[in-house]
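Throughout, read-outs are computed from the coordinates displayed, never taken from laboratory work. Model, not experiment: these values are computed from the prediction. Virtual Cβ from ideal backbone geometry, glycine too; neighbours counted across all protein chains shown.
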Amino acid sequence: MQMRLYLILALLAPGVASAQVPPAPASQEAPRAALSLDEAITLARRNNPEHLQTINNRRTAEAAVRTAFGQLLPQADASLSAQRQQGGRQIFGGASLGASSDVNQSSYQIGIGYRLNQASLITPKLQRASRDAVEADITGSQENLRARVVQQYLSVLQAHEKADLQDTLLVAAKSQLVLAKARALVGLGTQLDVGRADIAAGQAEVGVLQTRNQIEIEKLRLFQLMGVDQPANVVLTTGFTVTGSPPSIVSVLAAARRSNPTLLALRSRAKVGDLNVKRAKGEYSPTLSINTGISGYTYSFANPDFLVGQTAAQTASARVGCIRGEEVRAAVNLPNNLAACSAIAFTPEQAAVLRRDNRQFPFRFQPSPRSISATLSLPIFDGFGREQRLQEAQVTSDDARYGVRHFENVITEGVTSAYLTLTTAEKTAALQAQNSAKARMELKFTQDRYRSGSVNFVDLTEARAAYERAESDRINAIFDYHKAFAALESAVGGPLR
């Protein structure tokens, strides 16, 4: 009977071997894209939208620093205006003003002003502290993104390991199905054992499908985190090994308190709060303002003949007045100058000069007298507005300091918890490796006994299930260790290996 069983197993061996050897890749399979962990982190920092939003804050912070220093420089402005006024007369104060010709006017002004107080001197320091806080936020976003990418990268590798385990279990289940059929043929087994082996093989196939699907889901999550489209046939190339415990908890805590980006950002904002208090107090100091500038204007009649006619009429009126006065002097035998009065006349040359001088609009400006002014102002009372702003700044500063103290406590708790979790995960991984090795030996021993007929298929199924649980626990323990290490690095705010 034993000889018949061995003969049947020999005839079925090619089928068993084919179940254990994976199919050869097709010649038309697309080339695989390799992705290391460092490449994944670099791509995420370049393309993750949330991280890019945080980086954009740098531009605003730089602009605020530049503006703060710009407030220490003189302010300059320029203006240019033009106006056309319709001719006509207006009564103002009982007097008739205006002209019967349209008037064109234009003017320009270039002003320079300088304003300085204590708040202006403090603002650059305040904005630089705000910029430091933004830079710390960016560094914190980078480290947080790095931790998330590492965790997801590990999840993909963990899914691969579980899929490989299911592949192995499927091969074993198919081999056991072949063995159960062979035993049934020679009368050493029953059709119940064959049915059970067939069910186990089907369940193993379902496990393979589910684990392979989980790989694709984890990859999609990884590339979504990276902010890029997933290429076909991507392969993760970075491997992880259990390297032992990290540095001592004392050094890890010291590193976290020294370089954690979130803590550095909170400290910078506490500094901003202190400077805001100083700036609020600066509102009680005097303000010096200095202003100067240059300006010019034009004034011309739209109809130059109006000015010529008006001047000619004034000249003729002056000539007539002169003659009348000199005739009166001559009538009383006083010296007179009638000849000079007769010489008073409006010439074409004068008319040409008037027309030329009238052509000022729009850019033949006449300069205005220059001036400079200096003012020293001291605020006295503004309805307790300054006092309110000072108290608000003081409260904000106190809250920022309390926030620093709170986060220092959070770091201590978070780093310590992550450190303890890591040390536990390290020990768990070692124990699960031992359990898996024992379960593998037990499964091999049970398989050998099943082939010899010493145990039934139920015992074999139980041994295989125990091995599956032990091996799955070993895989989970290894990746739990690496994820715990990544969580510790995230709590510290930087890599530790």
Identify all lysines with a Cα-Cα distance to Lys271 below 28 Å; exclude those on the same chain that are fewer than 8 residues away in sequence. Lys125, Lys281
Built amide H within the under 5 Å cut-off of Gly296, gap 5+: Tyr108, Ser368
Contour minus Cα-Cα span, Thr292 to Glu387, at 0.36 nm per residue, comes to 30.9 nm
Relative contact order for the chain: what is it in percent, counting Cα pairs under 8 Å that are at least 6 residues apart? 23
From the phi angles alone, apply the Karplus equation (6.51, -1.76, 1.60; θ = phi - 60°) to region 347-357 and give each ³J(HN,Hα) in whole Hz, x where the residue is Gly or Pro. 9, x, 4, 5, 4, 5, 5, 4, 5, 5, 5
Spin-label pair Ala345/Ala430, simplified geometry with 7 Å Cα→Cβ offset, distance in nm: 12.7
Magnitude of the Cβ-charge dipole (Lys and Arg +1, Asp and Glu -1) of the chain about the Cα centre, nearest 20 debye, reported as 820
When the dipole is taken about the Cα centre of region 422-472, and only Lys, Arg (+1) and Asp, Glu (-1) are charged at their Cβ, what size is it in debye, to the nearest 20? 100
Which of the peptides 180-188, 43-51, 320-328 is most tightly packed, and how do the rest follow, going by the mean number of other Cβ atoms within 10 Å of each residue? 180-188, 43-51, 320-328
Under the Karplus relation 6.51 cos²θ - 1.76 cosθ + 1.60, θ = phi - 60°, what is the ordered set of whole-Hz ³J(HN,Hα) values for region 200-216, x standing for Gly and Pro? 4, 5, x, 5, 5, 5, 4, x, 5, 4, 5, 5, 5, 5, 5, 4, 5
Quick one: net charge of Asn303's neighbours, Cβ under 12 Å, K/R +1, D/E -1? -1
Return the FRET efficiency for the residue pair Met441, Ile199: r is the Cβ-Cβ distance, R0 is 25 Å, and the value is rounded to the nearest 0.05. 0.45
Among rounded, prolate and oblate, which fits region 188-323 when a ≥ b ≥ c are the square roots of the eigenvalues of its C-alpha gyration tensor, a/c under 1.5 means rounded, and a/b larger than b/c means prolate? oblate
Sequence ranges 448-457, 383-392, ranked by mean other-Cβ count within 10 angstrom, highest first: 448-457, 383-392
May I ask you to compute the full-extension gain from Gln85 to Thr375, defined as 0.36 nm times their residue separation minus their alpha-carbon distance, rounded to one decimal in nm? 100.8 nm
Could you tell me how far the Cα centroid of region 323-378 sits from the Cα centroid of region 428-474, in Å? 122
Go through 124-130, 203-209 and give me the packing order, highest mean Cβ count within 10 Å leading. 124-130, 203-209
